[in-house]
Amino acid sequence: MARKKTNKDRIMEHPVTYEAYAEMPDDGLRYEVLDGELELMSPGPSTVHQVIGSALHLLVQGCNSEYFILQAPLDVILSRTNVVQPDLIMIHRSRADIVTIRGVEGVPDLVVEVLSPGSRKRDRQRKFQIYARHGVPEYWIIDPVAQTLERFELNSELQYELRDLFENDDRVSSDKLPCVSFPVSDLFKDELVRRLLALN
């Protein structure tokens, strides 16, 4: 007689689905499901990553009346086999129905990732392709080392095109998000960020 599958058995199967991921016991670690594969988000975000993420959240508060502004950790369920935890997302309030008790079940208007040494390749390649394939209209990549913000827009062929590379005192803006306006240097001006980046 076949034994009943455990949660661990289901996680080891491929593809991993949202349902199996949601049934995992809480081990204190963060995971994503990328094209049906369970990915450990390890090590945890660095101090620089955290401070920049917090600064970004404050800098986009001018959009709060039009958009929900949400930060990780939060599941963004793009499909049964793609469950991501971007650093920040924005969802227009007219689309509030995609925000559920489980997380965000659908495509945000904006996804932002702050690069870390352990996430650089995943954010620039694998998640880049997943976000495009699922129709995320705008994707920002913040690079703490280069102190830049890259703004990508989705084209009609579901591929990202680099629309802007913001650096130094360039003012971040977006045709799709007119409420956004801040100098990119404000992301990196905290004394702690400057000190820690100088150690690299």
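A compact table of results
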{"read-out": "Single residue of segment 152-192 satisfying the filter (of a type in the set (A, V, I, L, M) and over 21 Å from GLN61 (Cα atoms)) that is least open to solvent (accessible area, probe 1.4 Å)", "value": "LEU154"}
{"read-out": "Condition check for LEU197: over 24 Å from THR17 (Cβ atoms) and either in a helix (DSSP H, G or I) or at pLDDT below 95 (or both)", "value": "yes"}
{"read-out": "Count of residues meeting criterion [assigned to a strand (DSSP E or B), in contact (Cβ under 8 Å) with a residue 40 or more places away in the chain and among the charged types (D, E, K, R)] in segment 28-72", "value": "2"}
{"read-out": "Members of segment 39-66 that are under 16 Å from the mean Cα position of the chain (by Cα) and over 15 Å from LEU115 (Cα atoms)", "value": "GLU39, LEU40, HIS57, VAL60"}
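The values are calculated or read from the model by the stated rules, or taken from the named source; none is laboratory data. If you're wondering where the values come from, they're calculated on a predicted model, not measured in any experiment. Positions of Cβ are backbone-derived with ideal geometry, glycine not excepted, and every protein chain shown enters the neighbour counts. Side chains included, ligands, DNA and RNA excluded: accessible areas come from the protein's heavy atoms. Shrake-Rupley method; radii C 1.70, N 1.55, O 1.52, S 1.80 Å.
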